[in-house]
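Read the structure below first, then the notes.
The values are calculated or read from the model by the stated rules, or taken from the named source; none is laboratory data. Remember, it's a predicted structure, so these values are computed and weren't measured experimentally. Glycine gets a Cβ as well: all are built from the backbone with ideal geometry, and neighbour counts include every protein chain shown.
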Amino acid sequence: MSDAVLALDKLLLERWVWKGQPQGAPADVQPTGHALLDALLPSGGWPAAALSEILHGAEGIGELQLLWPTLARLSQAAERILLVAPPHLPYPPAWLAAGVDLRWLSLVEANSRDALWAAEQCLRSGSCGAVLCWPKQADDRALRRLQIAAETGQTLAFAYRPLAEAVNPSPAALRIAVEATQLRILKCRGGLAPATPIPHSHWAAT
């Protein structure tokens, strides 16, 4: 038995065997601002420096309200928030009522071809607290570039996409489906997606 231990130690010392390191809880927790959602996510909030997909069944069902607590927290800490090619112009009174400091909110206008490129550059710059984008066409490769850019710039990335895209694979660290009456976690890094949906009343204003 002792010979086997010595042999393994020698293999480790000479780097013939890779020894994994235990992975602790992420140091940079990014709470969503919704207690029930935070409790269900393995990281206790949004995955830091990663891409999260918000897949929504229709516009105006609370998909933007889902992020308002996070955007309010970031803007009040003087963190820049970028909206890349949103489908509608932001309504300032609603953002102000949600606690977002508009001095730290910027809008990037881009056509469908340039929107992904613009979002990627903003993420890579590392100058933003969060980048939100609404790509009209994004395949696995394009989403992977956004994920890598978020890691590079250590920035929260959010991509709003149609719910129909849920059937397609994605490299995003988190995928959330926003429906008229509930929210479902479809995929989350660090654990299995919980089967329990979150009622609309727990995360969206009525």
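Quick check: is even one residue across the stretch 179-201 acidic (Asp, Glu) and closer than 18 Å to Leu82 by Cα? No: the stretch 179-201 contains no residue that is acidic (Asp, Glu) and closer than 18 Å to Leu82 by Cα.
Take Ala157 and decide whether it is in a loop (DSSP other than H, G, I, E, B), within 25 Å of Arg73 (Cβ to Cβ), under 12 Å from the mean Cα position of the chain (by Cα) and among the aliphatic types (A, V, I, L, M). Taking the combined requirement at face value, the residue does not satisfy it. Take the residues of the stretch 27-43 that are part of a loop (DSSP other than H, G, I, E, B) and surrounded by fewer than 16 Cβ atoms within 10 Å (Cβ to Cβ): which is modelled with the highest pLDDT? Out of the qualifying residues, it is Val29. Among the residues of the stretch 74-111, the ones that are crowded, with 18+ Cβ neighbours inside 10 Å and assigned to a helix (DSSP H, G or I) come to 4 in all. Set side by side, the residues Ser125, Ser106, Ser112 differ, and just one is polar (S, T, N, Q), without any contact (Cβ under 8 Å) to a residue 60 or more places away in the chain and closer than 16 Å to Ala150 by Cα, which is Ser125. Contact annotation: residue pairs with Cβ atoms under 7 Å, 6 or more positions apart or on different chains, pairing a residue in the stretch 41-67 that is free of Cβ contacts under 8 Å to residues at least 60 places away in the same chain with a partner that is of a type in the set (Asp, Glu) and surrounded by fewer than 20 Cβ atoms within 10 Å (Cβ to Cβ), are Gly44/Asp38; Gly45/Asp38. Applying the set (1) among the aliphatic types (A, V, I, L, M); (2) at pLDDT 95 or above; (3) over 17 Å from Ala58 (Cα atoms); (4) over 12 Å from the mean Cα position of the chain (by Cα) to Ala195 leaves exactly one unmet item: (2). Residues that are out of contact with any Asp or Glu (no Cβ under 9 Å at 6 or more places or on another chain) and at pLDDT below 95 were ranked within the stretch 128-161; the one that is surrounded by the fewest Cβ atoms within 10 Å (Cβ to Cβ) is Arg141. Assess whether Ala204 counts as being at negative phi, out of contact with any helix residue (DSSP H, G or I) (no Cβ under 8 Å at 6 or more places or on another chain) and of a type in the set (Gly, Ala, Ser). Judged against the criteria, Ala204 is a match. Taking Ile185, is it at pLDDT 95 or above and farther than 13 Å from Glu63 by Cα? So Ile185 passes the test. On the stretch given as the stretch 50-84, residues that are at positive phi and modelled with pLDDT under 95 total 2. Of all residues in the stretch 132-154, those being of a type outside the set (Lys, Arg) and either within 18 Å of His56 (Cα to Cα) or in a loop (DSSP other than H, G, I, E, B) (or both) number 9.
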